[in-house]
Amino acid sequence: MILLVVDTQKGITDERLHEFERLRSSIGTLISEARKAGVEVVYVRHDDGPGTGFSVGDDEFEIFDEFAPEEKERIFDKKVNSAFHNSTGLVEYLTEKSENKVMIVGLQTNFCIDATIKSGFEKGYEMIVPEYANSTFDNEYMKKDICYHYYNDFIWPERYARCVTMEEAVRELRKERR
């Protein structure tokens, strides 16, 4: 198993997110538990391209300080919503390591998390989604709380992912102890 931390970048990891404090706590706990158990933590960053303020070299592009990767942890950059897109190299990396179980956390529920979960499912990965470890903002079509529950409680479970409580997620990580 790996813990995949998607797009928790400084420019979007803030109080505008649904249940921000709970998200911070959940992701922080899962990163800590994964490291203690020897489960690899893999990061993904979204690059909107030069001049956007959200690209390589921009402060907003960097990973939120509280979730910062350790020196040995891998970071993959992407320019599309799915972390499993052929352009990222993540699929090849996981294939090389014979990993097929992915616990996913991060941002944003209705964009990169949704695309990555569905793409991972299509590629044969077991996708695990801990509660309140992904989030999003309000948009013109849907409020952030409704959006969160729409995906986590209705779209993903029993279709694309195994959605679990935080307690179950922590137990899974500890079970993987290496």
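Quick look at the values:
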{"quantity": "In the stretch 68-91, residue most open to solvent (accessible area, probe 1.4 Å) [restricted to those that are out of contact with any helix residue (DSSP H, G or I) (no Cβ under 6 Å at 6 or more places or on another chain) and under 13 Å from V41 (Cβ atoms)]", "calculated": "E71"}
{"quantity": "Which listed residue, of S135, S87, is of a type in the set (G, A, S) and in contact (Cβ under 8 Å) with a residue 12 or more places away in the chain", "calculated": "S135"}
{"quantity": "Number of positions in the stretch 21-52 that are open to solvent by less than 30 Å² (accessible area, probe 1.4 Å), touching a helix residue (DSSP H, G or I) at 6+ places or on another chain (Cβ under 9 Å), of a type outside the set (S, T, N, Q) and within 19 Å of D7 (Cβ to Cβ)", "calculated": "11"}
{"quantity": "Residue pairs meeting the criteria (Cβ under 8 Å; at least 6 apart or on separate chains; first farther than 14 Å from N134 by Cβ and open to solvent by 70 Å² or more (accessible area, probe 1.4 Å), in the stretch 150-178; second in a loop (DSSP other than H, G, I, E, B) and modelled with pLDDT under 95)", "calculated": "none"}
{"quantity": "Residue within the stretch 92-100 that is hydroxyl-bearing (S, T, Y), surrounded by fewer than 22 Cβ atoms within 10 Å (Cβ to Cβ) and touching a strand residue (DSSP E or B) at 6+ places or on another chain (Cβ under 6 Å) present", "calculated": "no"}
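The values are calculated or read from the model by the stated rules, or taken from the named source; none is laboratory data. Computed from a predicted structure; not experimentally measured. Virtual Cβ from ideal backbone geometry, glycine too; neighbours counted across all protein chains shown. Quick note on the areas: whole protein, heavy atoms, side chains included, nothing else; ligands and nucleic acids left out. Shrake-Rupley method; radii C 1.70, N 1.55, O 1.52, S 1.80 Å.
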